[in-house]
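Report on one structure; see the data block that follows.
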Amino acid sequence: MLAYIARRLVATIPVMAMVAIVVFAILRLTPGDPAAIIAGDDATAEQLEKIRETMGLDRPIYLQLVQWIARLLQGDLGVSLLSGTPVLDMISDRMGPTLALALGTIVVTVAIAVPLGIIAAWRQGRLLDRAIMTLSVLGFSVPTFVIGYLLIYYLSIKLGLFPVQGYKPLSEGFWPFAQRLVLPVLALSGVYVALIARITRSSIIEVMGEDFIRTARAKGATERVVLMRHALRNAAVPILTIIGIGMASLISGVVVTESVFNLPGVGRLVVEAVLARDYPVIQGLILLFSFVYILINLLVDLLYPVFDPRIRY
């Protein structure tokens, strides 16, 4: 197992290197000039040239790439072109709200989606199954930001149950912290509940036709035991896979949700960096997202043998 983990971690190195080079090239080749954004509309050509020289943007692209990779190998993601703050510090400062939002979404999603999928499989073809599947289609169809604004309008503005926007760290008390996360978590969970509920239902229905399920029933096992002990465990591998994919794709959902609810997380940092063409921040964030994606996939792979002993590494 340790050898497998080591091989997977080593394999991430060329992937991360490729991501870094592609992102660097795309950012440098797309139109736009960070110096012009920093200098403002009234800047002269001399002022723009001076800013480019200060930031190193006047050097050849290949030289900028070599210098950036050299710093990267030393664990230095560079400094923001706008604020001069180290990128690593900027990301660290913004991680709290994003982690809270992502973990809350995962917990709520799994807690709702897996039971819904089990119930739908158990009542296959009946009214309850059709109702759950209809809701899951709605979950797919309605964009996250629309759900977010609807929640703000009805639960915050109309009923006054939750603050409209903002974030409070856990250090300021659990209730203020949780109160401001309820709506973003619900908004972000919608699509993932729909996705995981459908996969859970399909996986369990497929397993329910296997011989070992008939054997369990023939031995007198109750339907609850058949579903929870035999069917769910054997259907866990595809469910785990889709949960992993969902967790990784949370990144894109976080960007939108943090903007709607004004959460000061890395999602908003992405938007701010892109608008300002702050290259080091964008590069650092994309590398971080890529690494998280690879790490989640590794974690999901390591969990497979826990649910299916036939899988060995």
Notebook entry, point to check: Can you tell which of Phe289, Leu269, Leu73 lies farthest toward the positive end of the dipole of the chain, using +1 and -1 charges on the Cβ of basic and acidic side chains (Lys, Arg; Asp, Glu)?
Noted result: Phe289
Note to self: Taking 8 Å as the Cα distance limit and 6 or more residues as the minimum spacing, I'd like the relative contact order of region 82-183 as a percentage.
What the structure shows: 20
Item checked: Largest-first ellipsoid semi-axes for region 1-126, taking √(5λ) over the Cα gyration tensor eigenvalues, angstrom -> 43, 22, 15
Note to self: So if I take the alpha carbon set of region 57-110, get Rg, then get Rh from the Kirkwood formula, what is the Rg over Rh ratio?
What the structure shows: 1.21
Notebook entry, point to check: When Rg is the radius of gyration of the Cα atoms in region 115-238 and Rh is its Kirkwood radius, what does Rg/Rh come to?
Noted result: 1.14
Margin query: If I histogram all Cα-Cα distances within region 160-313 using bins 5 Å wide from 0, what percent of pairs lands in each bin?
Written below: 1, 8, 12, 13, 14, 13, 12, 9, 7, 5, 3, 1, 0, 0
Note to self: Explain nothing, just the number: relative contact order of region 169-278, from Cα pairs under 8 Å at least 6 residues apart, as a whole percent.
What the structure shows: 26
Note to self: In the chain, if the dipole is taken from +1 on Lys/Arg beta carbons and -1 on Asp/Glu beta carbons about the Cα centre, which of Leu188, Ala235, Val225 is farthest to the positive end?
What the structure shows: Val225
Next item on the list: Starting from the exponent 0.38 and prefactor 2.2 Å, build the expected Rg for region 103-152 from its residue count and divide its actual Cα Rg by it.
Entry: 1.30
Notebook entry, point to check: Which value does Rg/Rh take for region 224-313 over its C-alpha atoms, Rh per Kirkwood?
Noted result: 1.17
Note to self: Using DSSP H assignments, which helices in the chain have an axial alpha-carbon span of 30 Å or above and a mean Kyte-Doolittle hydropathy of -0.5 or higher?
What the structure shows: 2-29, 87-122, 182-207, 236-260, 279-307
Checklist line | Fraction of alpha-carbon pairs over 36 Å apart in the chain - percent | finding: 34
Note to self: Can you list residues from other chains, or at least 5 along the same chain, whose modelled amide H is less than 5 Å from the amide H of Val79?
What the structure shows: Val87
Next item on the list: Using a 1.4 angstrom probe on heavy atoms only, work out the carbon and sulfur share of the accessible area of region 192-293 in %.
Entry: 63
Checklist line | Positive-end residue of Val300, Ile21, Val207, charge dipole of the chain with Cβ unit charges | finding: Val207
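The values are calculated or read from the model by the stated rules, or taken from the named source; none is laboratory data. Since we're looking at a predicted model, the values are computed, not measured. FYI the Cβ positions are ideal-geometry reconstructions off the backbone, even for glycines, and counts take in every protein chain you see. Ligands, DNA and RNA are stripped out before the accessible areas are found, and what is left, the full protein with its side chains, is counted by its heavy atoms. Shrake-Rupley method; radii C 1.70, N 1.55, O 1.52, S 1.80 Å.
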